[in-house]
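Following: one structure in structure tokens, then a few remarks.
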């Protein structure tokens with residue numbers, strides 16, 4: 001499977017959790033950004049979609065259950081793309097909220113060592129755009 005397809009899968013599942021509606025897991029309402037803001041000593045939550053756990057931060061029981069359900073939803077999403085979760089070495093998302101708004105960074109790594117950290121803002125998640133030295137708009 002091409003690495004960009006794995007990145008797409010990662011964005012889709014991370015964006016679904018960010019939306020707070022949880023359609024892939026059966027309309028399960030969550031607010032990962034509010035919970036990230038409530039974390040003591042940090043202002044983020046890192047979700048590991050491969051294990052279905054919270055890699056950093058302490059989620060509420062409701063969010064912890066939703067994260068576990070997203071692990072199962074990842075299997076279904078991978079089947080739609082004709083792959084499996086075993087194609088990923090790492091698939092995490094770091095959710096935070098700051099003065100500029102809601103943000104999440106999706107980290108994808110495959111078995112061949114390809115690695116990408118893609119940052120998204122807002123809900124639904126959009127790539128950050130910046131102007132380069134020649135005045136062209138580029139994705140960050």
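The values are calculated or read from the model by the stated rules, or taken from the named source; none is laboratory data. In this text, all values refer to a predicted model and were calculated from it rather than measured experimentally. Glycine also receives a Cβ, built like all others from the backbone with ideal geometry; neighbour counts cover every protein chain displayed.
Below is a table of values for the structure above.
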{"quantity": "Options 51, 62: the member that is more than 16 Å from residue 11 (Cα to Cα), outside any strand (DSSP E or B) and at pLDDT 95 or above", "calculated": "51"}
{"quantity": "Criterion: over 20 Å from residue 56 (Cα atoms) and surrounded by fewer than 11 Cβ atoms within 10 Å (Cβ to Cβ) - qualifying residue of 137, 123", "calculated": "137"}
{"quantity": "Close pairs (9 angstrom Cβ cut-off, 6 or more residues apart or separate chains): over 26 Å from residue 19 (Cβ atoms) in the range 110-137, exposed (fewer than 11 other Cβ atoms within 10 Å of the Cβ) anywhere", "calculated": "111/86; 131/137"}
{"quantity": "Qualifying residues in the range 28-42 (those that are touching a strand residue (DSSP E or B) at 6+ places or on another chain (Cβ under 7 Å) and in a helix (DSSP H, G or I)) - the one farthest from residue 17 (Cα to Cα)", "calculated": "37"}
{"quantity": "In the range 43-80, the residues that are in contact with a strand residue (DSSP E or B) (Cβ under 7 Å, 6 or more places away or on another chain) and on the phi > 0 side of the Ramachandran plot", "calculated": "57"}
{"quantity": "Breaking point among (1) within 19 Å of residue 72 (Cβ to Cβ); (2) out of contact with any strand residue (DSSP E or B) (no Cβ under 9 Å at 6 or more places or on another chain); (3) assigned to a helix (DSSP H, G or I), for residue 5", "calculated": "(1)"}
{"quantity": "Where a residue in the range 42-58 is free of Cβ contacts under 8 Å to residues at least 24 places away in the same chain and its partner, wherever it lies, is in a loop (DSSP other than H, G, I, E, B) and surrounded by 16 or more Cβ atoms within 10 Å (Cβ to Cβ), with Cβ under 8 Å and at least six apart", "calculated": "42/57"}
{"quantity": "Residue satisfying condition, being loosely packed, with under 15 Cβ neighbours inside 10 Å, touching a residue at least 12 places away in the same chain (Cβ under 8 Å) and either under 12 Å from the mean Cα position of the chain (by Cα) or in a loop (DSSP other than H, G, I, E, B) (or both), within set 103, 82, 94", "calculated": "82"}
